[in-house]
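Let me begin by presenting the structure, written as structure tokens, before commenting on it.
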Amino acid sequence: MTEQLAVEVSRVRFATDDGGFAVVDAVTGDGDPVVVCGPLAHVHAGDAMEVRGTWRDHPRHGRQFHAADVRIAEPASEAALLAILSSIRHVGPRGAAFLLQRHGTAVLEVVDADPHARLREVPGIGPVRIGPAVEAWREARALRAVRLFLDAHGVPAAVAGRVIRALGADAVDVLTVDPYRLAELDGIGFATADALARALGVEPGDERRLAAGVVHVLREAERDGHCHLPREALRERARRLLGADPDPALAALEQSGAVVVDGDRVADARLHRIESRLAERVRALLRDGPVHGGPLPERPTDGAFAPTDAQWHAVQRALSGRLSILTGGPGTGKTQTLRALVDVVRARRLRAVLCAPTGKAARRMAEATGAEASTIHRLLGWQPGEGFVHGPGDPIPGCDVLIVDEASMLDVRLAAALFGAVGDATHVVLVGDPDQLAPVGPGRVLGDLLASEAVPVTRLTEVFRQAARSLIVRAAHAINEGRAPSRDLPDDVVRDFYFVGRSGAAAIFDEVVSLAAERLPRHLGVDPRADVQVLAPMHRGPVGIDAFNEALRARLNPDGEPIAGTPLRVGDRVVQTRNDHERMLMNGEVGVLVAYDPDEAEAILATDDGRTLRLPGAALDTLRLAHAMSVHKAQGSSAPAVVVPLFTGHRIMLTRNLVYTALTRAERLCVFVGEPAALDLALRRVDARRRHTRLAELVAAG
């Protein structure tokens, strides 16, 4: 039976990383304690709310109220006011009590009127602390206003924090005029914006609604990896979303320059320009003759490394043309070839600049070649509010040969920025494995350049004897060819890969958790939080990333200090989910939260590539637990030990490329756990989902 309760939150017990679920302790108007769970991840201690839902008896946690709908109310009780005041930076419990005693229950309105003067009265807040305190107060005030505005119009208030960060203190005024601004914000989407717009009286056929829907469809296509959509595909998606014909809005968007219609293709205008610019830059490099030609040194035939014909050919191509590609699977000697190239470049008194999309890949590159390497973002430089420092007007300085590893991860945006910063005297070498998963962002730059057949390519196919002793390498090549890894192996093979057969979700789950939390760390002598990575195909379900993260944190970090205002704890392994250019923390980078300073509201993150970053509280919103994570997020990274669950329930995601990529993330040991039938499913399916791109044909057109 559905009931309605008016409660005040006293403590947030738990909140999921995605912001969709929380468990809170609350008190009813009669003073009775109650546990409430549901879509409450946006509430805080001190919030008053009305919740509608049902009572349930949990076998472990007792009686709980499961909320279906939540409405936030203005705080009224002294406890609620104290909780809000205490959360303000530098105010704390004593300052909160001081303010409440001086101004009574109207304290919020009094401080809102002049936060500088009122907060300056608080003991302990002097000239140094008053600025951060006022800023924190204004952020909290704006957040309260947005939460109440969204809640009043039936929009989940969990999005309020992102709205404030994107639109600022004027968010309510902005959204009242143009509710579809919500659709532009990461992680919110069109449905939420449309709900707000309809609540504000926007009609279904309103041109603003149709235009926002078309733009949303193109953005969703970009998230799927596309650079454009065929016109009919766009129409079909937009009709499903809007329940109306999008053609009038499409014509208006084309006229305004927001989209480009090129024959049968429709693209976001900005992405269309980026892809076109990248293609033109590639063509220019291919047209130009070599800048650093001349006779090459003799090929080494003995010593620590004697390049094969194919490897030496790659070195020659790097210097005889301004753009070339080096590809090959694991164990084929790509790294040794790069080292030989770096040595030749140095011998000719030239400078090689090495980079990769992720910090971990750059670090591996530096260790393997003996040369410095950086991430692409750090190489190009970033200034908040201005973008990359290096570009067409200010190319990468002192760079004769630019070597880009893990090039399969390049999407069109990052590739366009990188190629745009290549100077007139620079050769470019792309190094990558096209059989790995396509990049997370739009396009498939390495694959398209290979498909164009216009770029000189060296393909390494011979597996070196030393590498062939690794079962990981052997298994990778078998999987890439669509074969199950052999169980009949020579005695000299290093058994660094295992398949542990388990049937059913529960058995797979328990085995993965046991391996990752205890057995592999003990066997290898490594830290389970930093050195063991679970890679799963899907987030949801009984063998999903979310379930693994909850179980692994309970085993590996049960007593970590909670970080206020977030679902994270000190000691958590986390992954960044969005590019943070200001702090040079890129999407997919992983680390461990090693400390938290509540006074400064700052956390310390030790990243896998050896950096230590101080992150303010607002920057923690884009971190998610990463004891387990997706294979896509792990591209360009690696771990000493990797555990991969294989479950037939994940069939929609199982492909040869995904399993191959997961396996090749392991440095010392990889264990597949699950059903042989799931591996068979993956081996039969190449990731053949077509990405709508133009790069290959634009480059081939010359």
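Listing for the model above:
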read-out	value
Unique match (being at pLDDT 95 or above, open to solvent by 60 Å² or more (accessible area, probe 1.4 Å) and not polar (S, T, N, Q)) among 273, 283	273
Selection from the stretch 585-601 of residues that are in a strand (DSSP E or B) and surrounded by fewer than 17 Cβ atoms within 10 Å (Cβ to Cβ)	594, 595, 597
Any hit, the stretch 345-361, residues being under 23 Å from residue 438 (Cβ atoms), touching a Phe, Trp or Tyr at 6+ places or on another chain (Cβ under 7 Å) and either among the polar types (S, T, N, Q) or open to solvent by less than 10 Å² (accessible area, probe 1.4 Å) (or both)	no
Residue in the stretch 444-467 that is within 20 Å of residue 642 (Cβ to Cβ), in contact with a strand residue (DSSP E or B) (Cβ under 6 Å, 6 or more places away or on another chain) and not in a helix (DSSP H, G or I) present	no
Pairs where the first residue, in the stretch 380-396, is touching a residue at least 40 places away in the same chain (Cβ under 8 Å) and farther than 20 Å from residue 425 by Cβ and the second is open to solvent by 80 Å² or more (accessible area, probe 1.4 Å) and of a type outside the set (Gly, Ala, Ser), C-beta under 8 Å, 6+ apart	382/582; 384/582
Odd one out for residue 319 among (1) touching a helix residue (DSSP H, G or I) at 6+ places or on another chain (Cβ under 9 Å); (2) surrounded by fewer than 22 Cβ atoms within 10 Å (Cβ to Cβ)	(2)
Of all residues in the stretch 381-408 being of a type in the set (A, V, I, L, M) and at pLDDT 95 or above, the one that is nearest to residue 327 (Cα to Cα)	407
Any hit, the stretch 443-460, residues being in contact (Cβ under 8 Å) with a residue 40 or more places away in the chain, in contact with a Cys (Cβ under 9 Å, 6 or more places away or on another chain) and either of a type in the set (A, V, I, L, M, F, W, C) or open to solvent by less than 20 Å² (accessible area, probe 1.4 Å) (or both)	yes
Flag if residue 628 is farther than 24 Å from residue 43 by Cβ and small (Gly, Ala, Ser)	yes
Qualifying residue in the stretch 607-627 (condition: in a helix (DSSP H, G or I) and over 26 Å from residue 128 (Cβ atoms))	yes
Among (1) free of Cβ contacts under 8 Å to residues at least 60 places away in the same chain; (2) open to solvent by 10 Å² or more (accessible area, probe 1.4 Å); (3) within 26 Å of residue 464 (Cβ to Cβ) - the single one residue 308 does not satisfy	(1)
Criterion: modelled with pLDDT under 95 and out of contact with any helix residue (DSSP H, G or I) (no Cβ under 8 Å at 6 or more places or on another chain) - qualifying residue of 311, 255	255
Selection status of residue 474, at pLDDT 90 or above and out of contact with any Ser or Thr (no Cβ under 8 Å at 6 or more places or on another chain)	no
Output for the stretch 557-578, where each listed residue is β-branched (Val, Ile, Thr) and within 19 Å of residue 531 (Cβ to Cβ)	570, 574, 575
Filter result for residue 415 (modelled with pLDDT under 95, open to solvent by less than 20 Å² (accessible area, probe 1.4 Å), of a type in the set (A, V, I, L, M) and assigned to a helix (DSSP H, G or I))	no
Some residue of the stretch 544-551 being more than 22 Å from the chain's Cα centre (by Cα) and not aliphatic (A, V, I, L, M)	no
Only listed residue being open to solvent by 30 Å² or more (accessible area, probe 1.4 Å) and within 15 Å of residue 141 (Cα to Cα), chosen from 45, 113, 79	113
Of the criteria (1) closer than 26 Å to residue 653 by Cβ; (2) open to solvent by 40 Å² or more (accessible area, probe 1.4 Å); (3) more than 26 Å from the chain's Cα centre (by Cα), which one residue 248 fails	(1)
Residue check for residue 205: touching a residue at least 24 places away in the same chain (Cβ under 8 Å) and either assigned to a loop (DSSP other than H, G, I, E, B) or surrounded by fewer than 21 Cβ atoms within 10 Å (Cβ to Cβ) (or both)	yes
Evaluation of residue 695 against (1) at positive phi; (2) modelled with pLDDT of 95 or more (one fails), failing number	(1)
Flag if residue 558 is farther than 29 Å from residue 133 by Cα and over 15 Å from the mean Cα position of the chain (by Cα)	yes
Among the residues listed as 542, 558, the single one being open to solvent by 20 Å² or more (accessible area, probe 1.4 Å) and touching a residue at least 12 places away in the same chain (Cβ under 8 Å)	542
Single residue of the stretch 469-500 satisfying the filter (in contact with a Gly (Cβ under 8 Å, 6 or more places away or on another chain) and not in a strand (DSSP E or B)) that is least open to solvent (accessible area, probe 1.4 Å)	476
Looking only at the stretch 84-109, and only at residues there that are surrounded by 15 or more Cβ atoms within 10 Å (Cβ to Cβ) and among the β-branched types (Val, Ile, Thr), the one that is farthest from the chain's Cα centre (by Cα)	107
All positions within the stretch 390-408 that are under 23 Å from the mean Cα position of the chain (by Cα) and either assigned to a loop (DSSP other than H, G, I, E, B) or within 13 Å of residue 582 (Cα to Cα) (or both)	405, 406
Unique match (being aliphatic (A, V, I, L, M) and closer than 26 Å to residue 611 by Cα) among 564, 551	564
Subset of the stretch 182-228 (residues that are under 17 Å from residue 246 (Cα atoms) and acidic (Asp, Glu))	194, 203, 206, 207, 220
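The values are calculated or read from the model by the stated rules, or taken from the named source; none is laboratory data. Worth saying up front: this structure is predicted, and the values here are computed from it rather than measured. Ideal geometry is used to build each Cβ from the backbone, glycine not excepted, and the neighbour counts take in all protein chains shown. The accessibility values were calculated without ligands, DNA or RNA, using every heavy atom of the protein model including side chains. Shrake-Rupley method; radii C 1.70, N 1.55, O 1.52, S 1.80 Å.
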